1. Scan region 201-239 residue by residue and report those that are open to solvent by 60 Å² or more (accessible area, probe 1.4 Å) and either within 19 Å of ARG376 (Cα to Cα) or modelled with pLDDT of 90 or more (or both).
2. If you take the residues of region 364-383 that are free of Cβ contacts under 8 Å to residues at least 60 places away in the same chain and among the hydrophobic types (A, V, I, L, M, F, W, C), which of them is farthest from LEU227 (Cα to Cα)?
3. Is one or more of the residues making up region 47-54 in a strand (DSSP E or B) and either at pLDDT below 95 or aliphatic (A, V, I, L, M) (or both)?
4. Just for region 15-26: of the residues that are closer than 22 Å to LYS92 by Cβ and part of a loop (DSSP other than H, G, I, E, B), which one is least open to solvent (accessible area, probe 1.4 Å)?
5. Being part of a strand (DSSP E or B), at pLDDT below 95 and either closer than 22 Å to LEU313 by Cα or open to solvent by 30 Å² or more (accessible area, probe 1.4 Å) (or both) narrows it down to one residue among SER38, SER29; which is it?
6. Identify the residue in region 146-162 that is among the charged types (D, E, K, R) and under 28 Å from ARG341 (Cα atoms) and, among all such residues, is surrounded by the most Cβ atoms within 10 Å (Cβ to Cβ).
7. Go through region 269-307 and give me each residue that's touching a strand residue (DSSP E or B) at 6+ places or on another chain (Cβ under 6 Å), open to solvent by 20 Å² or more (accessible area, probe 1.4 Å) and hydroxyl-bearing (Ser, Thr, Tyr).
8. Taking region 174-193, which residues are assigned to a helix (DSSP H, G or I), of a type outside the set (Val, Ile, Thr) and within 14 Å of THR126 (Cα to Cα)?
Amino acid sequence: MLPYFDPEYENFNQRINPPRVCIDNDTCSDCTLVKVDSMNKNGILLEVVQVLSDLDLHISKAYITSDGGWFMDVFHVVDKQGQKVTDEKTIKYIEKALGPESNLLGAKANSSPGRSVGMHSIGDHTAIELKGHDRTGLLSEIFAVLADLQCNVLAAEVWTHRTRVACVVYVNDVATGQAIDDPRRLSQIEERLRQVLRGYGGGGGGDGSGAHANFAVGSPSHVDRRLHQLMHADVDVEGGDGAPTAAGAGGGDGERPAVTVEYCEEKAYSVVNVKCKDRSKLLFDIVCTLTDMQYVVFHAAVSSEGNYGIQELFIRRKDGKTLLKDEAERVIRCLEAAIARRVCEGFTLELCGRDRVGLLSDVTRVLREHGLTVTRADVTTVGGQAMNVFYVRDASGQPVDMKTIEGLRGQVGQTLMLNVKSVPAPAPKAPEPGSGSSLARTSFFSFGSLFAKLRA
């Protein structure tokens, strides 16, 4: 007779030691501290960073450790205005998402569906994933096809990097307002979209990396993570997605992210060092890439110095081993690509107005007619109002003529509120590591130096 095993035994520790989160606005004068401690589990760091990133909180510093089966993090964060987090709704959201009531340890049957688009619920929908070769006017053609097929676009996120594009589009049926689940209609939509993606002169080898369409009823995985996954596959296929172009992989400033992988003999870790221009969601992009590559971050120290972000991450493979040489080279290539693909150049167009079927098709057609190509897009519909952000540049690679912007304002601004922002110019080039500069000799905390002291 086999002994009885209580299926709830695994969750016992999780019930008596639930995750805890503390929002501290007293310790630091210029930022809010978010302190999280919990039992450790695979992927927990990504989930925590994901929550903070979805709230558009900038992580200026972080200290992360997860040895001994326990996970302890401290994040220094500010909001989009660079101020402390004082909004009560935001604080309560963090406490609910990361505290005892959360599903951080996966103990509850129904996990949260994750981010659909921003922090907004977009209702019943079908998610369409697309990737392929990028070209001028592609986004306009995609939205035109969806409008022609009576698909209402509720939200969308689009990323481009070098010659590739990936997007997740959320649609429902124009007539019913419900998700589209009819197999014949989905097949028709898929074929039309594949035809658009194959329009790159027949390139891409047919349906391989050149054209991809996938459908999911309901909420897919976290959208930013899914976009990273779609574009990460192209790094392996093309073997050089992270390399800089003539304009630079860092978004047009000719500066490549500095990524190295070393071996920490003291504690048998592979140490990933990253130095690049600091920006929002940088830590998320790095942790997301490492997690999806099946690496575990055991310790990390994150700092912002001036315009630059410095990150030191101690990682191992899931089997507990350190990285081999070829693995280290692949990690460097993939992290360079993950950092670069969210960087944009040119102008940001923020449009707001009453949503309608075909709106995105009309807006993107106007952008194409003015010789602008979309490098990134964030489309959201809230309460019948469309709130769209397009990152655009001149299709020829030249600086955008202000006459073009004024012409665009005159045409689009008649029906939508339009705000145009120029992407800030790149900061001065970062000093080379070891050059003796002040950046290389900051008070940045390093787990590597700590291990060396403990060994001595």
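The values are calculated or read from the model by the stated rules, or taken from the named source; none is laboratory data. Here the structure is a predicted model, which means the values were calculated and not measured. Note that each Cβ is placed from the backbone with ideal geometry, even for glycine, and that neighbours are counted across all protein chains shown. In case anyone asks, the SASA skips ligands and DNA or RNA and just uses the protein heavy atoms, side chains included. Shrake-Rupley method; radii C 1.70, N 1.55, O 1.52, S 1.80 Å.
1. ARG225
2. VAL366
3. No.
4. Here the answer is PRO19.
5. From the options SER38, SER29, the qualifying one is SER38.
6. GLU157
7. Hits for region 269-307 are SER280, SER304.
8. Within region 174-193, PRO183, ARG185, LEU186, SER187, GLU190 qualify.
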